[in-house]
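A short worksheet on the structure shown next.
The values are calculated or read from the model by the stated rules, or taken from the named source; none is laboratory data. Source: prediction; values computed, not measured. All Cβ positions, even for glycine, are placed from backbone atoms using ideal geometry, and neighbour counts span all protein chains on display.
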Amino acid sequence: MSDEAPKKQTSPKLKRVDGPPKPPTRVTLDLDELGGGPPPQDHPLVEMMTALSNARQTWFELTVLNGGGRQLKRESLELSLERNVVLLGRVIPKLDREFVEMATRTLRDIRDYRRRFPRTDASNQEQAEQARKILDEISEV
């Protein structure tokens, strides 16, 4: 260890720029040139992507648990999975074909998980029944 005094902290000095701001460069694009801004929060595509990402994450965590784990943790994940399946079931009719296929693939994975680990003691029976109906309606590949 040295007996040097700590270095004095100085803040950076701001440079003053005189004159008007620079004109935009050629790479600056307007949102209209990019096809518009992001879709509104209540747009079906936003709902689908949110439910889809949540469903895939929850499905993955449940798959890792492999039917085991603490009851409270597993039940929490199962409720989340059912909620997202119901959301996907509501939004699928509003989507374009390519997005329907994305959602359907995830729902098939979830259905396969449910066939391996059937839900027997759901704390929300109504939601579990809605999710089961949606999963049963998904076509086999």
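The table below lists the values:
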item: Residue list for the stretch 59-99, restricted to those being among the aromatic types (Phe, Trp, Tyr), surrounded by fewer than 18 Cβ atoms within 10 Å (Cβ to Cβ) and either touching a residue at least 24 places away in the same chain (Cβ under 8 Å) or under 15 Å from Leu135 (Cβ atoms) (or both); result: Phe99
item: Residues within the stretch 102-121 that are farther than 16 Å from Ser53 by Cβ and acidic (Asp, Glu), tallied; result: 2
item: Test: residue in the stretch 24-32 that is in contact with a Gly (Cβ under 8 Å, 6 or more places away or on another chain), modelled with pLDDT under 90 and not charged (D, E, K, R); result: yes
item: Verdict on Val46 being out of contact with any Ser or Thr (no Cβ under 6 Å at 6 or more places or on another chain), part of a helix (DSSP H, G or I) and modelled with pLDDT under 90; result: yes
item: Filter result (under 13 Å from Arg56 (Cβ atoms) and either touching a Cys at 6+ places or on another chain (Cβ under 7 Å) or surrounded by 16 or more Cβ atoms within 10 Å (Cβ to Cβ) (or both)) within the stretch 105-136; result: Thr106, Leu107, Ile110, Tyr113
item: Cross-chain or 6+ apart pairs with Cβ under 6 Å, the stretch 118-140 first and modelled with pLDDT under 85 and of a type in the set (D, E, K, R), then crowded, with 17+ Cβ neighbours inside 10 Å and not in a loop (DSSP other than H, G, I, E, B); result: Arg119/Ala128
